[in-house]
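First comes the structure, then the notes that go with it.
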Amino acid sequence: MPEEVAPVDLNALMKEIVQSFGDELSKNRIDVKLNLAPDLPVVRGALDKLKQVFLNLVLNARDAMPQGGLLRIGTTRENGFVKISVCDTGVGIPKENLDKILMLSSPPRAK
C-alpha cells in the first residue's frame, strides 16, 4: 500500500532529526549547524520516507567523520522550489561510487 502523502514541515523535520541524534553527534565530536529558511512553505510528501532519507544522510555524515567535524543542514526557497542541503566535512565519497549518487528534482509545475 502506498504511503500517505500529506503536508510536511521540512524545517520541523530537520530539527526533530538533529534533536533525536544530538547526543550521539556530540559524543562523536560533530558540530551541527542548522540554517533553516524562516519562510519555508510546507511540502506534500510521505513523512516517514522523507524522515528516513534525511536520517540516512545524517548517519552517513556521522560515519564519514570518525574524528569529528561539522555537519551543516540548510533549507531555502528558490524559484518556487524548496531546497535542502546537507554538507559535512567528512572523508567524501570514493570516486568509483560517484556515479551511483542520485540527484532528485521535481519536474516543473504546469502553469
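The values are calculated or read from the model by the stated rules, or taken from the named source; none is laboratory data. Please read these numbers as outputs of a predicted model, since none were measured by experiment. Note that each Cβ is placed from the backbone with ideal geometry, even for glycine, and that neighbours are counted across all protein chains shown. Surface accessibility is based on the protein's heavy atoms, side chains included, excluding ligands, DNA and RNA. Shrake-Rupley method; radii C 1.70, N 1.55, O 1.52, S 1.80 Å.
Data overview
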read-out	value
Whole-Å distance, taken between Cα centres, linking segment 51-75 and segment 1-47	12
Quarter of Cα convex hull surface for the chain, i.e. mean projection, nm²	8.7
Phi-based couplings in Hz for segment 54-68 (Karplus 6.51, -1.76, 1.60; Gly and Pro marked x)	6, 4, 4, 4, 5, 5, 5, 4, 4, 5, 7, 10, x, 9, x
Lysines whose Cα lies under 28 Å from that of Lys95, excluding same-chain neighbours fewer than 8 positions away	Lys33, Lys49, Lys51, Lys83
Cα-derived Rg to Rh of segment 42-83, Kirkwood definition	1.07
Helix-derived mean residue ellipticity, 222 nm - over the chain, DSSP H n ≥ 4, -39500 (n - 2.57), to 500	-11000 deg cm²/dmol
Accessible carbon and sulfur surface of the chain relative to its total accessible area, %, 1.4 Å	54
Heavy-atom accessible area order for Asp63, Asp31, largest first, 1.4 Å probe	Asp63, Asp31
Loop-exposed GluC sites (Glu not before Pro) per DSSP, neighbour cap 12 Cβ within 10 angstrom, longest uninterrupted part of the chain	5-111
Accessible area in square angstrom per residue, segment 1-41, 1.4 angstrom probe	69
